[in-house]
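Visitor: Dropping a structure here in structure tokens format, bear with me for questions.
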Amino acid sequence: MAEGSGLSLHVEAYMDTARSPTQQAATLEAIVSLLQNDRLTIEAMAREMGLYLTTTDAIIRARGIFLLAEVLSRLSLKPLDKVTIHSLIIFFAERLADWKAIRGSLIGCLSLMKRKEKVGRVSLDDTKLVLESFLQSIHVQSLGQHDRMLCFELLECLLENYSDAVVLQGNQVVYGICEAIDMEKDPRCLILTFHIVQLAAQHFPDPDGPLSRVAEELFEILGRYFPIHFTHQNAEDIDITRDDLCHSLMMAFCSTPFFEPFAIPLFLEKLSSDLPLAKVDALMYLKHGYISYGHKRMARYAEAIWPLLKDAIFLSHRELVLSFCLESLDNPSKFQNEIAAGVLTFIEMAVRQNDALFLDLILGDTDINLIIKNMNSFRSYTEISSEGKQRLYVVGHILAVSAKASVACCNQVFDSIFPPLLKALGISVKDPYLIHPQAYELVDFEDLNFGTLFLSVLLLEAARDLIMVSEKSNPLLDESISKTCAILARAYCSTLVRNSHQETYDPHIYLSVKGLQIFATFPGYLLSAQENLFEDILDMLVSIITQNFKSKFLWNLALKAIVNIGTYINKFSQSEKVTSFMAIVIEKINSLLASIEYGLPYILKLEAISAVGMIRMDYMLRIIHGIEATLFTSLSELYIYGNAKSSENMVQLMQCYSKKILPWIHESGGTEQIPLQFVVSLFNQIEGWKDFGSGTKEKEVMEVTMEAVKFAVGNCSQRSQFILIEKIYSMLSLSSYFSVKEHLYTTLPIAMESLPLTHDLESLPAWDEWVLSLFASVMIALHPNTRILNLRASIHLFSRTFLIGHISSAQALGSIVNKLCPEQNGEGSLNDCSMEEAIDIIFSHCFIHLNSPSTRCPDKSKISFSDIFHNASTNKSLQINALAGLAWIGKGLLMRGHKKVKDITMAFLEYLLSADGMPSNKVSLQEERDYTLHISALKCIADSFQILMSDSEECLNRKFYAIVRPLYKQRFFSTMLPILQSLIVKCDSSLTRSLLYRAFTHIVCDSPLISVLDQAEKLIPLLLDALLIFSEDHTGRDMMYGLLLVLSGILTERRGQESIIENAPMTTNCLIRIMAYPHMMLVRETAIQCLTAISTLPHSRIYPSRTQVLESISRVLDDPKRAVRLEAVRCRQAWFSLC
């Protein structure tokens, strides 16, 4: 069989050291394939390789054994009979003594030992032979790293899968492990050695067993590695981290109680060291050892551990970390220092494991009791020294984690700590059981002590957290503690009453509010001594919201506390408190909009209402009814009576509704009925204004209302959007200005010639402008698949109104052409107009109204933008409106990748080039006015490229279902750059050149950097020329800043630097000229940063400019802005280093 399979050729090829590793791997795979397909047996292969396996040539023998072992490692799933396995394992076990062939022997043994029972496994007797041969023949630490790792893998395999054989040779195995792992340094091997020790501990738990006799020696070997000092950074070791080694060593230390007499003293020694890393590791190991060894064994170390823990946390926490910000009101304060956090974690665990012993040490500690007794020294936060704050903070957290350990511990801490705390507060209770409804007024409070406030809040927070995670439903705290809590709650209320008019930041106020928040989130049955405490707390906080708005710090704290209380009630289902919360908080806060009683600023009313409503959906639904009622009332007052106050409030209210409330409802999974009903109610309200004649126009109110409508419509389903379209069409039919009969909207398009076109948006009646703007908002936010039966009529209407300056109409047209389907055959179309037809209608309108009456409109199939702008009328205002509107239409086409955008952009460029023919001398006032309007039109054209390229929040974005073709910006940039480059090079007019650079800047600044880098070589000369042109006056400062950001992006990328190198002198000179630009600080700062980046380019290209740069930088060192001076210093240092 061996001859027929060609095994001899394969073996000879593998033995040939002249063959490449790839060829040898292919040979190995070929042999494995023969065996897998039963064309060759392992016995036949062994016989064929006999000479290679037994030859006296060490190199050939080693390769032969390695080949056989590698083949076996790839046959782990192929069944082998017992005889074959026995023969092979005996062979490899004997060869373990052959150190020159040790790797193959180890791989062979490992491959056979890892086999599963169902495919043939090594017997117990054979395992003994392997183990004996391994222990007698191999000195592990004399081998190379890879061979040592194989040895440890074999030991690990024996301990995991052949425990019977290991136990029988216990003494030899344990001593062999000690010898094998001693002095190991390789991280990959160490991971295995630590696991081997852990496995050995599982196999030899007997106190009189072999492991117990060598425990001290074995721990001495392991102890050398603690703490882990890991410095390997090579790529081959990248899969091993220090954390992996730390955890593995910790598991080995804690694997057996035999190590306890040696491990704990070592941990305590490292805990007292000056190395922070050693302290952190010691705390982690000590905690795990405390759990593994058991609290009974650890009890004798308690008195030694506690002083070291106390010293560690006090010494590690030197800096003040007391936080009194809003964010910390609902989050427990935590230590950022790893040592302090580790100490607190250990204390909580130790107290939970052995509450009596460790807690007695803590509560009886002299330093802690001294701080508690001397609370009067912590009276005012500002008067406490940094060390005093640090010690107070540490003691508070030690007591808090101790109380959080268990219910019994919590009661013990409260009983021990609270009596001196209350005494320090200066409380004398005349009504000791607090049964009087206004009991807190009968309690005499001195100025509350900061230290006592701080400790009491920490302990109450710990008790609350402990109770909420407990599964018990009966009261957990002692009755005396409940009464104490009630007293403290009244003390906190008293603090707020005393300091309610203080406008500045005050830690006493913060702690009092947080204390009240904690009490309000306690389960009700735990504070039975005072039934109305929860309601009193809510009343206090709400009164702050309504009356103490001048103290911004207190006001924000109270609002945050109310929100946290409501969230806590909802999270932990405290249903008994919901009714009170609704009556006291929701109803009172909701009534703020309609109330003028308190004088609360309107913006604060909205902040409070929105924050409270966002606690849960049913609260928000109540809030919405009040907001919408106020909103529609204010809107009507504004339109009908022109109430200026209503205008200001209306803007704030609508912004709150559209930017806070509606997004929250959407993100919280609210129903679409809310935005739908809002839009329908708004339309009904505006429809009712028709009877009042002329109304007031408030642009800002109209804009925020449009934003709200767009967001609401965008969150409606397609069916609901169709309902809204029908509703707005019915409103449009009432308009006398549009001269559209309602029946025309379902049948015929509007005839352009029959519609009057005003030249000014101001002449449009207020009601009609409102309806038109809302109509545009609806169209902008529609889903592409929403059915629009009267689309052709809508396009006609928008095509006419955007020409008079109604930008929203242009945005609506841009959205329509972006979302419409291409030309269809009439079947299955959702709308009565295709995209091609829509574009023809828009072009026709532009041609008719922008050209003279005598100019004949060409056929729709031949119409172009060149036709539109040819022989344009003298009405430049109309022309500017058209240009701005067409930019939005072009943006819609560009985003979906429509070819018609090319016509728009080329017409824009053609119009820009018309500046060449403008007369330079203006002899009359009319000519001067016409020249100014023409310049405005040209700038509008150039700025249209910004509309095309920039991302818009108003329309044509994914929020409003815009169709976005991937990489559309990159394609447009790549198309336009060579065109603009050619036009700029050929241009002789300075005006046209500046306009072309204006368009170029908008395209470049809004293009992805990766596209810019691809064209950097062509781009840089244009970019530098543009910077110099814009630096001539203040009008180009924003474009200068954008171009400098692009240049800095090029300088930070390797590909960009290669392009900069060729233009280094020109770039340097340009930056020198503009770094003194007086009109914008950011321009100067960024220009200097770019100069600093240029200093990293090759020396030969930049050194000639060194003197010029340093001279220029020296003048900038006196810049009035500090940021510019700092960048100038950095730049000078960078260029000085060139010498």
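The values are calculated or read from the model by the stated rules, or taken from the named source; none is laboratory data. Keep in mind it's a predicted model, so treat the numbers as computed, not measured. For neighbour counting, all protein chains shown are included, and Cβ atoms are generated from backbone atoms with ideal geometry for every residue, glycine included. Surface accessibility is based on the protein's heavy atoms, side chains included, excluding ligands, DNA and RNA. Shrake-Rupley method; radii C 1.70, N 1.55, O 1.52, S 1.80 Å.
Visitor: Taking θ as phi - 60°, what are the ³J(HN,Hα) couplings along the stretch 201-216 by the Karplus curve (6.51, -1.76, 1.60), each to the nearest whole Hz, with x for Gly and Pro?
Guide: Result, ordered by residue: 5, 5, 7, 10, x, 5, x, 9, x, x, 5, 5, 6, 10, 4, 5 Hz.
Visitor: While we're here: Mind grabbing the accessible area of D243 for me, 1.4 Å probe, Å², rounded to tens?
Guide: Near enough 110 Å² of accessible area.
Visitor: What does the charge count around Q574 come to, taking other residues whose C-beta lies under 13 Å from its C-beta (Lys +1, Arg +1, Asp -1, Glu -1)?
Guide: Counting the neighbours of Q574, the net charge comes to +3.
Visitor: Please give the contour-minus-distance gain from S76 to S974: 0.36 nm per residue of separation, less the Cα-Cα distance, rounded to one decimal in nm.
Guide: Stretched fully, the S76-S974 segment lengthens by 317.5 nm.
Visitor: With r as the distance between the Cβ atoms of T56 and V964 and R0 = 60 Å, compute the FRET efficiency 1/(1 + (r/R0)^6) and round to 0.05.
Guide: The value I calculate is 0.20.
Visitor: Can you put W1135, W99 in order of accessible area, largest first, using a 1.4 Å probe?
Guide: W99, W1135
Visitor: Which order do K939, K100, K710, K82 take when ranked by solvent-accessible area (1.4 Å probe, heavy atoms of all protein chains), largest first?
Guide: K82, K100, K939, K710
Visitor: Report the paramagnetic label zone for S936: residues of the stretch 782-813 whose backbone N is under 13 Å from a point 7 Å from Cα along the Cα-to-Cβ axis.
Guide: 805
Visitor: List, in the order given, every pair from K727/K969; K699/K900; K659/K891; K389/K423; K710/K899; K902/K939 whose Cα-Cα distance in the structure shown is over 31 Å.
Guide: Violating the 31 Å limit, Cα to Cα: K727/K969; K699/K900.
Visitor: Spelling out what I want: for every residue of the stretch 589-596, take phi, set θ = phi - 60°, compute 6.51 cos²θ - 1.76 cosθ + 1.60 (Karplus), and round to whole Hz; glycine and proline get x.
Guide: Using θ = phi - 60°, the values come out as 5, 5, 7, 5, 4, 7, 9, 10 Hz.
Visitor: Right, another one. Taking 0.36 nm per residue of separation and subtracting the Cα-Cα distance, what length does fully extending R300 through H666 add?
Guide: Extra length available between R300 and H666 comes to 125.8 nm.
Visitor: From the protein chains alone at 1.4 Å, what is the descending order of accessible area for I596, I537, largest first?
Guide: I596, I537
Visitor: Now, a different point. Calculate the dipole size of the stretch 541-646 relative to its Cα centre from +1 charges on Lys and Arg beta carbons and -1 charges on Asp and Glu beta carbons; express the result in debye to the nearest 20.
Guide: My answer is approximately 340 debye.
Visitor: For the residue pair S914 and A594, what label-to-label distance in nm results when each label sits 7 Å from Cα along the Cα-to-beta-carbon direction?
Guide: So the two model labels end up 5.8 nm from each other.
Visitor: For a protection proxy built on the mean count of beta-carbon atoms within 10 angstrom, sort 380-390, 38-48 highest first, please.
Guide: By packing density, highest mean first, the sequence is 38-48, 380-390.
Visitor: For the ranges 143-149, 664-670, what's the packing order if you count other beta-carbon atoms within 10 Å of each residue, average per peptide, and put the highest first?
Guide: 143-149, 664-670
Visitor: Something else now. Can you give me the solvent accessible area of V407 with a 1.4 Å probe, rounded to the nearest 10 Å²?
Guide: 40
Visitor: Tell me, what is the 1.4 Å probe accessible area of H139, in Å² to the nearest 10?
Guide: Roughly 90 Å² of H139 is accessible to a 1.4 Å probe.
Visitor: Another question about this same structure. List the residues of the stretch 140-181 whose backbone N lies under 20 Å from a point placed 7 Å from the Cα of S123 along the Cα-to-Cβ direction.
Guide: 158, 161-169
Visitor: How much length, in nm to one decimal, is gained on full extension between R1115 and Q141, taken as 0.36 nm per residue of separation minus their Cα-Cα distance?
Guide: Result: 343.9 nm gained on full extension.
Visitor: Step through the residues of the stretch 778-792 one at a time and calculate ³J(HN,Hα) from phi using the Karplus curve (6.51 cos²θ - 1.76 cosθ + 1.60, θ = phi - 60°), rounding each to whole Hz and writing x for Gly and Pro.
Guide: Coupling constants for the stretch 778-792: 5, 5, 5, 9, 5, 6, x, 8, 6, 7, 10, 5, 10, 5, 4 Hz.
Visitor: Based on the Cβ-Cβ distance from L275 to Q172, what FRET efficiency comes out when R0 is 41 Å, to the nearest 0.05?
Guide: 0.60
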